[in-house]
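J.: One structure, pasted below without further comment.
The values are calculated or read from the model by the stated rules, or taken from the named source; none is laboratory data. Remember, it's a predicted structure, so these values are computed and weren't measured experimentally. So basically every Cβ, Gly included, is an ideal-geometry build from the backbone, and we count neighbours across all protein chains shown. Areas reflect the complete protein model, heavy atoms only, side chains present, ligands, DNA and RNA absent. Shrake-Rupley method; radii C 1.70, N 1.55, O 1.52, S 1.80 Å.
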Amino acid sequence: MSSPKIVNGPGGYILQDVPHLIDYLPDLPTYQNPLKDNPAYSVVKQYFVDTEDTVPEKIIVHKDGPRGIHFRRAGPRQKVYFESDEVHACIVTCGGLCPGLNTVIREIVSSLSHMYGVKRILGIDGGYRGFYAKNTIPLTSKVVNDIHKRGGTILGTSRGGHDTKKIVDSIQERGINQVYIIGGDGTQRGASKIFEEIRKRGLKVAVIGIPKTIDNDIPVIDRSFGFDTAVEEAQRAINAAHVEAESNENGIGFVKLMGRHSGFIAMYATLASRDVDCCLIPESPFYLEGEGGLFEYIEKRLKEHGHMVIVLAEGAGQEMMTKSMETNTLEDASGNKVLKDVGLWLSQSIKDHFKKIKMVMNLKYIDPTYMIRAIPSNAADNVYCTLLAQSAVHGAMAGYTGYTSGLVHGRQTYIPFYRITEKQNSVVITDRMWARLLSSTNQPSFLGPKNISEQKKETHETPSPDGEICNGVVHIPPVTKEITNLTFQLLLLLHVSSESSWITDDASRRPTKFLEYAKSPEVFDWMVGIRRKLHENPELGFEEFETSKLIRSELDLMGVKYKYPVAVTGVVGYVGTGEPPFVALRADMDALPMQEDVEWEHKSKVPGKMHACGHDGHVAMLLGAAKILKEHHQDLQGTVVLIFQPAEEVFAGAKKMIEAGALKHVEAIFGIHLTNQVPLGKTASRAGSLLAGSGFFEAVITGKGGHAAIPHHTIDPVIAASSVVLSLQHLVSRETDPLDSKVVTVSKLHGGNAFNVIPDSITIGGTLRAFSGFSQLQERIKEVITKQATVNRCNASVNLKPNGKEPVPPTVNNMDLYKQFKNLVRDLLGEDSFVEVSPIMGGEDFSYFAEAIPGHFSFLGMQDETKSYASPHSSLYRVNEDALPYGAAMHASMAVRYLEDKASKGSDTPKDEL
């Protein structure tokens, strides 16, 4: 190996210089740099980098200290050692994939072609092995023009295959004189060997390395390309984990990221996210069991917040796995040790622990590793790749060789190979950046039990500043220790206070007592009677005058105050102190325009109208809850608002109720809907998106009618309507993320009345459903209809509120209310009584309430072993009246528990009596 080029200067100045071709070929001629005549550089104030310009490795120095190590600054030189026609360059990519590979390839080719006029550029296919396999790809500006928009590498890549002699033989045989090698630390070591062999043979060949490692573990340089993209893309995985964690009881979102020996991606992704509660990296050992261990921290975090997100670098915890599994000595083709999947092992260990302590926990494991590696680079990395590539080309043309092009303190430099390959970069856990992460996540330092016990003895050892290593022990900075200890104290205190509210027998037994009361013959028969009266006399939206009259009469008998009318026919009742906090319970009242086909004693007496969605049962259950609450009004620690809402089915009555002031002072709202999809005595719900946003559309497509035998004399709206129907399907199949559920259904199409007449117009109509992008979908529907009509020479008018049908937004359940509800259900109905449902494409205007304030909507089961209860909106729909007591008790229990919880924490509502 050749000796390093070291240049010493005054004041402790050291230049770790890179080799040059004239070091072993002293008689090489020089040429004027063609950039001097390049129009792109005509505006540059200084064309070329001064040969004496260097960049310091460390920019923080003391006034009396040495100037330290420097590297040669990258950039174009006045003199070059290659003529444009002489250059025969090649590019090779090695190792794993990384965002930005294609960008680097593109910019090397573009720089050689456009800046220096180089015509002969080869791509070596398949990594180092491609040199002696004689696989090449001719590269031109046209070939690489848009490859930066794609992930991966157009040249292909591989691990291993490095045979120095064969590679250099191939370079010599092909007449290649510039070799650009893109890869990680192992690849750069291979590049160094190639350089040494070329130097030994005395060849005029420049060997340039461009550092690529998604783990950011190459030393000296600020960062490697692709790192910013990886951190940014990791956010999507962390965000998904956070959503999963929040949406489940004691949810844990577990994300495994890249980082074999260095935890930079995990650390920076954690700092960027702010949703991560624990970051585990190879540099910071941790343990699972016992005081101060990972399991203890997870338990405390879940008890306090109900969810958490863990980010794990793939190299973390490997030493623990070797204790429980056989030692792994396998290596990949690059010589890297094949790591065991610590993510799967640790996630299973967490599950086993919680199963052992009999604590409910839902863990969702996400490994986005290969998704991140395969994406194109982001804007920041694209710019960085351009600088790396251009700097590499400038250096090669200037005769430098045996170096890596890299960024040091924001300046492009040329770094000798031996500095790049001497060690791996890693996170320094005694550095401030790791302390910043600990203060962000509030996770413990995970010192071992021995270290913890030693700290408790209050020894007189003084930690060194900034967490330096003293006597072999890592001392965490005092600030970090204080933050960690404070976090655990707060977690413990908050956990104790949160549990103490529900320890009393009365509180834990209250839901059961409510249910027993609702099931009593007197109350049950009363609710059934109300429900049957409503069923016999169904009323459509904003026509529920008799329904609201019945409700008011029952409230009067109970002595419950109310407001009427609210939004035409709505009723809003109040039970409790009349003071904050305020919580609402909601029931819808309207029927459907359908003919009932169920033959029974209390069949609908109004032709063409029936309660086919259970709203009669909803009213009966809420009135039952009002009776329970009134019986216990002296125990209420606030006010329960009873919302009897009109016009849910068509006219978005919830929106009108809000506009009329029904939610004044209300801080949260709960709603229940009967369902035949869940067994009697069980409930179903989910956190987050439960029901889709829903809307309707109707369009009239107008052309020019005429005889069917002479269609060329007409403008056929049937053809236009057919195109519209087909094109609307593409909005879901071709414009919607497959993981984002949307529905566009054309359910109505009306036209002419004769077989031989083309009509003047066609009317189509349908519905749309979506959990996100609802308004955008509406606009696209309108756009598709009008433009497809235009293509077929027709006109179209589109109505997104046909017959006054208001669209409704998605129903999204508040996480805290969801957890409260789930715990209540277990108290009321037992451990197995709760069903976690998937998102449903049906719509509900309860969403307006949940959009205005925190809300929770759930389904109450009524199906029995006969499976005889039909789905909603069926003419055969029936309500299992045995479900009514469950709904009444659930309504009342939710309200009471919410008020007690709010009272213990303090209400956000201003003091204002009704």
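J.: Which condition does S170 not pass, out of (1) open to solvent by 10 Å² or more (accessible area, probe 1.4 Å); (2) hydroxyl-bearing (S, T, Y); (3) within 25 Å of L203 (Cα to Cα), if it passes all the others?
T.: (1)
J.: How many residues, within the range 283-292, are out of contact with any Pro (no Cβ under 8 Å at 6 or more places or on another chain), open to solvent by less than 40 Å² (accessible area, probe 1.4 Å) and not acidic (D, E)?
T.: 3
J.: Do you know which residues across the range 751-770 are over 25 Å from N803 (Cβ atoms) and open to solvent by 40 Å² or more (accessible area, probe 1.4 Å)?
T.: A754, F755, N756, V757
J.: Considering (1) in contact with a Leu (Cβ under 9 Å, 6 or more places away or on another chain); (2) more than 25 Å from T811 (Cβ to Cβ), say which one V640 fails and leave the rest.
T.: (2)
J.: Only residues that are part of a loop (DSSP other than H, G, I, E, B), more than 17 Å from S858 (Cα to Cα) and either open to solvent by less than 10 Å² (accessible area, probe 1.4 Å) or free of Cβ contacts under 8 Å to residues at least 60 places away in the same chain (or both): list them for the range 609-635, please.
T.: Within the range 609-635, H611, A612 meet the criteria.
J.: Going by what's in this entry, would S391 be described as over 14 Å from L101 (Cα atoms) and either open to solvent by 50 Å² or more (accessible area, probe 1.4 Å) or in contact with a Leu (Cβ under 8 Å, 6 or more places away or on another chain) (or both)?
T.: no
J.: Considering only residues of the range 637-647 that are crowded, with 20+ Cβ neighbours inside 10 Å and not β-branched (V, I, T), which is farthest from R878 (Cα to Cα)?
T.: Our first condition is that a residue be crowded, with 20+ Cβ neighbours inside 10 Å; within the range 637-647, this holds for 638-647.
Within this subset, residues satisfying the condition of being not β-branched (V, I, T) are 638, 642, 644-647.
On the way: G638: 36, L642: 25, F644: 21, Q645: 21, P646: 21, A647: 20 Å.
Among those that are crowded, with 20+ Cβ neighbours inside 10 Å and not β-branched (V, I, T), it is G638.
J.: May I pose another question? Please work out if P839 is closer than 15 Å to A687 by Cβ and touching a Ser or Thr at 6+ places or on another chain (Cβ under 6 Å). Let's see the steps before the verdict.
T.: Values: closer than 15 Å to A687 by Cβ: yes; touching a Ser or Thr at 6+ places or on another chain (Cβ under 6 Å): yes.
Against the criterion (closer than 15 Å to A687 by Cβ and touching a Ser or Thr at 6+ places or on another chain (Cβ under 6 Å)), P839 qualifies.
J.: Tally time: how many residues in the range 798-816 are of a type in the set (V, I, T) and over 20 Å from K656 (Cβ atoms)?
T.: Qualifying residue count for the region: 2.
J.: Kindly indicate whether D50 is in a helix (DSSP H, G or I) and either open to solvent by 50 Å² or more (accessible area, probe 1.4 Å) or touching a helix residue (DSSP H, G or I) at 6+ places or on another chain (Cβ under 7 Å) (or both).
T.: Taking the combined requirement at face value, the residue does not satisfy it.
J.: So, in the range 685-713, how many residues would count as being of a type in the set (A, V, I, L, M, F, W, C), touching a residue at least 24 places away in the same chain (Cβ under 8 Å) and over 23 Å from D590 (Cβ atoms)?
T.: Here the count works out to 6.
J.: Can I ask one more? Does A230 satisfy the criteria of being surrounded by 24 or more Cβ atoms within 10 Å (Cβ to Cβ), touching a residue at least 40 places away in the same chain (Cβ under 8 Å), part of a helix (DSSP H, G or I) and in contact with a Leu (Cβ under 9 Å, 6 or more places away or on another chain)? Step through it out loud before you land on a result.
T.: On the way: surrounded by 24 or more Cβ atoms within 10 Å (Cβ to Cβ): yes; touching a residue at least 40 places away in the same chain (Cβ under 8 Å): yes; part of a helix (DSSP H, G or I): yes; in contact with a Leu (Cβ under 9 Å, 6 or more places away or on another chain): yes.
So A230 passes the test.
J.: Sticking with this one: If we keep just the residues of the range 393-404 that are farther than 22 Å from H114 by Cα and part of a strand (DSSP E or B), which is nearest to the chain's Cα centre (by Cα)?
T.: Restricting to residues being farther than 22 Å from H114 by Cα and part of a strand (DSSP E or B), the top hit is T404.
Conditions tested, residue by residue: (1) modelled with pLDDT under 95; (2) in contact with a helix residue (DSSP H, G or I) (Cβ under 9 Å, 6 or more places away or on another chain); (3) open to solvent by less than 50 Å² (accessible area, probe 1.4 Å).
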| residue | (1), (2), (3) |
| --- | --- |
| L344 | yes, no, no |
| F354 | yes, yes, yes |
| I357 | yes, yes, no |
| I372 | yes, yes, yes |
| D381 | yes, yes, yes |
| G410 | yes, no, no |
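J.: Right, here's the next one. Among L407, L438, L363, which is the only one that is closer than 23 Å to R73 by Cβ and either assigned to a helix (DSSP H, G or I) or within 32 Å of the chain's Cα centre (by Cα) (or both)?
T.: L407
J.: Output yes when any residue across the range 89-98 is farther than 21 Å from V207 by Cβ, open to solvent by 20 Å² or more (accessible area, probe 1.4 Å) and in contact with a Lys or Arg (Cβ under 6 Å, 6 or more places away or on another chain), and no when none is.
T.: Yes, the range 89-98 contains at least one residue that is farther than 21 Å from V207 by Cβ, open to solvent by 20 Å² or more (accessible area, probe 1.4 Å) and in contact with a Lys or Arg (Cβ under 6 Å, 6 or more places away or on another chain).
J.: Next question, about the same structure. Just for the range 314-342: of the residues that are open to solvent by 80 Å² or more (accessible area, probe 1.4 Å) and of a type in the set (D, E), which one is modelled with the highest pLDDT? Give the derivation first.
T.: Residues of the range 314-342 that are open to solvent by 80 Å² or more (accessible area, probe 1.4 Å), as a first pass: 319, 323, 326-327, 329-331, 337.
Now drop any that are not of a type in the set (D, E), which leaves 319, 326, 331.
Numbers: E319: 79, E326: 49, E331: 53.
Top of the filtered list is E319.
J.: Restricting attention to the range 186-216, which residues are charged (D, E, K, R), touching a residue at least 24 places away in the same chain (Cβ under 8 Å) and either surrounded by fewer than 24 Cβ atoms within 10 Å (Cβ to Cβ) or farther than 25 Å from E314 by Cβ (or both)?
T.: Passing the criteria: R189, K193, E196, E197, R199, R201, K204.
J.: Here's something else I'd like to know. What about Y24, is it within 30 Å of I167 (Cβ to Cβ), modelled with pLDDT under 95, of a type in the set (S, T, Y) and out of contact with any Cys (no Cβ under 9 Å at 6 or more places or on another chain)?
T.: Yes, satisfied.
J.: Would a scan of the range 739-750 turn up a residue that is open to solvent by less than 20 Å² (accessible area, probe 1.4 Å) and in contact (Cβ under 8 Å) with a residue 60 or more places away in the chain? If you could, list the steps in order and put the result at the bottom.
T.: Looking only at the range 739-750, we keep the residues that are open to solvent by less than 20 Å² (accessible area, probe 1.4 Å), and these are 744.
After this cut, where a residue has to be in contact (Cβ under 8 Å) with a residue 60 or more places away in the chain as well, the list is none.
Looking for residues that are open to solvent by less than 20 Å² (accessible area, probe 1.4 Å) and in contact (Cβ under 8 Å) with a residue 60 or more places away in the chain, one finds none in the range 739-750, hence no.
J.: Within the range 594-607, can you find the residues that are among the polar types (S, T, N, Q) and either more than 20 Å from A870 (Cβ to Cβ) or crowded, with 18+ Cβ neighbours inside 10 Å (or both)? If you could, list the steps in order and put the result at the bottom.
T.: Narrowing the range 594-607 to residues among the polar types (S, T, N, Q): 595, 604.
The answer is S604, and nothing else.
J.: Of the residues that make up the range 141-149, is at least one surrounded by 24 or more Cβ atoms within 10 Å (Cβ to Cβ) and either at pLDDT 90 or above or out of contact with any His (no Cβ under 9 Å at 6 or more places or on another chain) (or both)?
T.: No, because not a single residue in the range 141-149 is surrounded by 24 or more Cβ atoms within 10 Å (Cβ to Cβ) and either at pLDDT 90 or above or out of contact with any His (no Cβ under 9 Å at 6 or more places or on another chain) (or both).
J.: Please list, ordered by first then second residue, the pairs with beta carbon atoms under 8 Å, 6 or more apart or interchain, first in the range 714-737 and under 21 Å from D760 (Cα atoms), second among the hydroxyl-bearing types (S, T, Y).
T.: P717/T702; P717/S761
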